[in-house]
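The values are calculated or read from the model by the stated rules, or taken from the named source; none is laboratory data. Note that this is a predicted model, so its numbers are computed, not measured. Here the Cβ positions follow ideal geometry from the backbone for every residue, glycine too, while neighbour counts run over all protein chains shown. SASA here: full protein model, heavy atoms, side chains in, ligands and nucleic acids out. Shrake-Rupley method; radii C 1.70, N 1.55, O 1.52, S 1.80 Å.
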Amino acid sequence: MFTLDRSDDFQLCRIERIHTPEHAPEWHDWLQELGFIPGEKVMLMARARPGGDPLVVRVGSSTFALRCAEAACIEVTLLDNATGAA
Amino acid sequence: MSACHDSVRRDHAQSAVVHVHRGGPLVALVGNPNCGKTALFNVLTGSRQKVANYAGVTVERKEGRYLTAAGKALRVLDLPGTYSLNPRSPDEQVTVDVLMGRARGEKRPDRVVCVVDATNLRRNLRLVLAVKRLGLPCVVALNMTDLAARRGIHVDVDKLSLELGVPVVKTVAVRKDGATALRTLLDAPAEAWRGDAVHTPAPETDAPAVTVEADHDTVQRILVSLGLDVHAPHTLSDRIDRVVLHPVIGMVLLMVVLFLMFQAVFGWAEAPMGWIESATTWVADGVTAALPNGWMRSLLVDGVIAGAGVVLVFLPQILILFFFILILEESGYLPRAAFMLDRLMGSVGLSGRSFIPLLSSFACAIPGIMAARTIASPRDRLVTIMIAPLMTCSARLPVYALLIGAFIPKRDVAGVFELQGLVLFGLYVAGVISAMGIAWLAKRLTTRGLPRPLMMELPTYHWPTPRNIAIGLWQRASIFLKRVGGIILALTVVMWFLASFPAPPAGATGPAIEYSLAGTLGRGLATIFEPIGFNWQISVALVPGMAAREVAVSALGTVYALSASGDDTAQALTPLIAHSWSLATALSLLTWFVFAPQCLSTLATVKRETGGWKMPLVMAGYLFGLAWLACFIVYHLAVAAGWG
Ligand SMILES: Nc1nc2c(ncn2[C@@H]2O[C@H](COP(=O)(O)OP(=O)(O)OP(=O)(O)O)[C@@H](O)[C@H]2O)c(=O)[nH]1
Ligand SMILES: [Mg+2]
């Protein structure tokens, strides 16, 4: 398990858990309402350079720009890109 | 922080007051951002509200009327998009307040049309479930079915309707006949809209009793039963994004786009501006020939035609600017640009979220300030509001264009650039840089270094349809013409009176205007403005500019037309100022309008959006100080350089 901000580009992952950051407890709900819900598949599509922050993330068929700090609330596991299986 | 948030909440409730019509059931359009609510609203009511391809276009409630085929009159409410009933920003709050029956000056809707983006059912349907729980009769408008079909998503509406327990109809909001099925439903009695709960009182609390996860499971189950449980990402959008979001190519592209925009404003506008100019001269000559010399002729020629004419000339440039803005808005590029610039904006304590409100301010600061409602962080929202007037609004374009035309020679730089376009670009950049400076200062004074939320949707790209662009341009043109024919003309006439009366005493030698009210006022103001190089004519022209900035130009037109001895008419304002002002004065005046601290309607909007007089006063004060100081520096540097 690792957090989404550490994923490789174009790596399919599955969301396991959403953390509640101490400095911004509302982020947990906000992320879920956008569709970052345990069980959903996500993929990192791009990173802003230089700095690598923010990120472009695909969840379901929507795309969102997330800050690294936001993506760090999303805990994921690797899936196989070809089969979509764990 | 919390006080600030409270004021924001209290305030948008006030600001959103919509005129209350007596009769007619109220139908609200509710849905995720960017699912096509406003497009649908426009199709139903024949309105022309702003539609664009990014989340957060609509930030206040708008009302329209719709007469069903059976002759039933309905009031239709367009609302800001929201991801949930748990609002994260002031615009989402507007929608939730309406649904809960808490909006000031508006009753709770009698029915709700849940607008759903068919290409993104997974996210959109969750909101439908939440709205359904509110107990209001509702139907689902499955929108963007044209795009869904193209991507191989075919939804069985009958089955979906059965699963959801509410009627579902397909719509294509961008087609004239795209809402036929919905129109039929609007004629049906409320009972057909799952009418068992018509009179359910508004729930006491908006805390969702059912979790997002539970709703997600329900949606998942529905999608599986419809055979839609596969993701169909828009691969073309992904391919475009590989270029647009590329760290190097994307950045270069952004610069090229912005730069082209400013070059085009000067490059393409020349011919049409020439036509308008000749037309005004022709009219002025005709009137001069037709009327006997007297005050009536002076009012028409020196006041109305000289004043309105010099502003009218800038219509082509304004339309070119909006042509670019409309294409950027419709294509879905804007949130990408915000993404690219997030880091840069972070360095001055803002986020990419402020980008679209600030970009909108290039049209006019008022919609920009309104758009700041989409910013979740109250601090960022306030800073964005405060720096929005530093983005050069289109009303300043005539002033810039007049001065650049008069003082900057037309020539090529390095073979590819046009000097006048470069200077214009420089002025816009000057505004942006000072805005960043102010934001940076605010960061030094207030920020606590916590990461601020971004969470910004990047929509799939759409082709801008020529029809939408044409409608957008037509709207801009009519807004501009209404301004010219309304406030600008009125102020110009007032200006003519002030500049013509009282008439000079017998035996006076100078031009009559020097004895008039305007002359006296101008000489008084000149004591403040002389140190920054403004003569009395400029000083007096700045006053009506507070109500509409373009009037600064038309007022100069009137003042100089009346100052002129003999019969040379006012169409020649450009050469006139070119030979009577020094370059230092012109540069100083250009600088003044970079900060242009005196737009009354902007200040009124700031008061409304921040809920008090404090912020507008701070804004007016700091902009005035900044403008004066910057002009002082520019003027004296220019004089020292020998341009005095
Ligand atoms: N092809 C197609 N495009 C649509 C349809 N409905 C809306 N659009 C486009 O989708 C984009 C968003 O439409 P809007 O009406 O502004 O969406 P909205 O729901 O009001 O958005 P917010 O006000 O931001 O919540 C625009 O570019 C529209 O032209 C549709 O049925 N088909
Ligand atoms: Mg809208």
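A search for C-beta distances below 7 Å between a residue of region B:480-505 that is under 17 Å from B:Asp302 (Cα atoms) and any residue that is of a type in the set (Phe, Trp, Tyr), counting only pairs 6+ apart in sequence or on different chains, returns B:Pro502/B:Tyr515.
Residues of region B:257-280 that are assigned to a helix (DSSP H, G or I), open to solvent by 70 Å² or more (accessible area, probe 1.4 Å) and under 19 Å from B:Val423 (Cβ atoms): B:Leu260, B:Glu270. Among the residues making up region B:405-425, a single one is within 26 Å of B:Val484 (Cβ to Cβ), assigned to a helix (DSSP H, G or I) and free of Cβ contacts under 8 Å to residues at least 60 places away in the same chain: B:Val423.
Scanning region B:341-400 for residues that are among the polar types (S, T, N, Q) and over 24 Å from B:Cys599 (Cα atoms) yields B:Ser347, B:Ser351, B:Ser377. Identification of strands (runs of 3 or more DSSP E) wholly contained in region B:73-154 with 2 or more residues that are more than 16 Å from ligand 2 (Cβ to nearest atom) and open to solvent by less than 10 Å² (accessible area, probe 1.4 Å) yields B:73-78, B:138-143.
For region B:155-189, a residue qualifies if it is open to solvent by less than 20 Å² (accessible area, probe 1.4 Å) and assigned to a helix (DSSP H, G or I), and the qualifying residues are B:Leu160, B:Leu164, B:Leu182, B:Leu186.
Would you mind stating whether B:Asn86 is within 14 Å of another protein chain (Cβ to nearest Cβ), closer than 20 Å to B:Asp158 by Cα and touching a residue at least 60 places away in the same chain (Cβ under 8 Å)? Answer is no for this residue. Would you pick out the residues in region B:227-253 that are out of contact with any Leu (no Cβ under 8 Å at 6 or more places or on another chain) and more than 10 Å from chain A (Cβ to nearest Cβ)? Answer for region B:227-253, where residues must be out of contact with any Leu (no Cβ under 8 Å at 6 or more places or on another chain) and more than 10 Å from chain A (Cβ to nearest Cβ): B:Gly227, B:Thr235, B:Leu236, B:Arg239, B:Ile240, B:Ile249, B:Val252, B:Leu253. The residues of region B:319-376 that are within 14 Å of another protein chain (Cβ to nearest Cβ), without any contact (Cβ under 8 Å) to a residue 24 or more places away in the chain and surrounded by 21 or more Cβ atoms within 10 Å (Cβ to Cβ) amount to a single one, B:Phe355.
The set of residues in region B:529-542 being open to solvent by 10 Å² or more (accessible area, probe 1.4 Å) and free of Cβ contacts under 8 Å to residues at least 60 places away in the same chain consists of B:Phe529, B:Glu530, B:Asn535, B:Trp536, B:Gln537, B:Leu542. Of all the numbered requirements in (1) facing another protein chain (nearest Cβ under 7 Å); (2) buried (at least 19 other Cβ atoms within 10 Å of the Cβ); (3) farther than 25 Å from B:Asn34 by Cα, A:Ala46 misses one, and that requirement is (3). Checked against the criterion of being at pLDDT 95 or above and within 13 Å of ligand 2 (Cβ to nearest atom), region B:17-29 contains one or more residues that satisfy it. Only residues that are within 15 Å of ligand 1 (Cβ to nearest atom) and of a type in the set (Gly, Ala, Ser) were counted across region B:47-87, and they come to 7.
State whether one or more residues within region B:48-64 are part of a loop (DSSP other than H, G, I, E, B) and away from ligand 2 (no atom under 15 Å from the Cβ). The answer is no, given that none of the residues of region B:48-64 is part of a loop (DSSP other than H, G, I, E, B) and away from ligand 2 (no atom under 15 Å from the Cβ). Filtering region B:392-437 to residues that are surrounded by fewer than 23 Cβ atoms within 10 Å (Cβ to Cβ) and of a type in the set (Lys, Arg) leaves B:Lys410, B:Arg411. The residues of region A:61-79 that are facing chain B (nearest Cβ under 9 Å) and open to solvent by 10 Å² or more (accessible area, probe 1.4 Å), listed by number, are A:Ser61, A:Thr63, A:Arg67, A:Cys68, A:Ala69. Within 12 Å of ligand 1 (Cβ to nearest atom), in contact with a Lys or Arg (Cβ under 8 Å, 6 or more places away or on another chain) and within 14 Å of another protein chain (Cβ to nearest Cβ) - does that describe any residue in region B:119-131? Yes, that holds for at least one residue. Every condition in (1) touching a helix residue (DSSP H, G or I) at 6+ places or on another chain (Cβ under 6 Å); (2) modelled with pLDDT of 90 or more; (3) of a type in the set (A, V, I, L, M) holds for B:Val252 except the one numbered (1). Condition (residue is farther than 28 Å from B:Pro451 by Cα, within 16 Å of ligand 2 (Cβ to nearest atom), of a type in the set (A, V, I, L, M, F, W, C) and not assigned by TED's automatic domain parsing to the domain that holds B:Val493) applied to region B:313-328: is it met by at least one residue? Yes - at least one qualifying residue is present in region B:313-328. Among the residues of region B:221-236, the ones that are buried (at least 17 other Cβ atoms within 10 Å of the Cβ) and in a helix (DSSP H, G or I) come to 2 in all. Within region B:30-47, the set of residues being part of a loop (DSSP other than H, G, I, E, B) and either modelled with pLDDT under 95 or not polar (S, T, N, Q) (or both) comprises B:Pro33, B:Cys35, B:Gly36, B:Gly46, B:Ser47.
Taken together, B:Ala638, B:Ala620 contain a single residue that is over 23 Å from the mean Cα position of the chain (by Cα) and surrounded by 14 or more Cβ atoms within 10 Å (Cβ to Cβ), which is B:Ala638.
The selection criterion, being among the aliphatic types (A, V, I, L, M), in contact with a Leu (Cβ under 6 Å, 6 or more places away or on another chain) and under 30 Å from B:Met340 (Cα atoms), holds for B:Val265. Within region A:1-26, how many residues turn out to be closer than 20 Å to B:Ala214 by Cβ and hydrophobic (A, V, I, L, M, F, W, C)? Selection size over region A:1-26: 2.
Summed over region A:5-43, the residues that are open to solvent by 40 Å² or more (accessible area, probe 1.4 Å), facing chain B (nearest Cβ under 9 Å) and part of a helix (DSSP H, G or I) give a count of 1.
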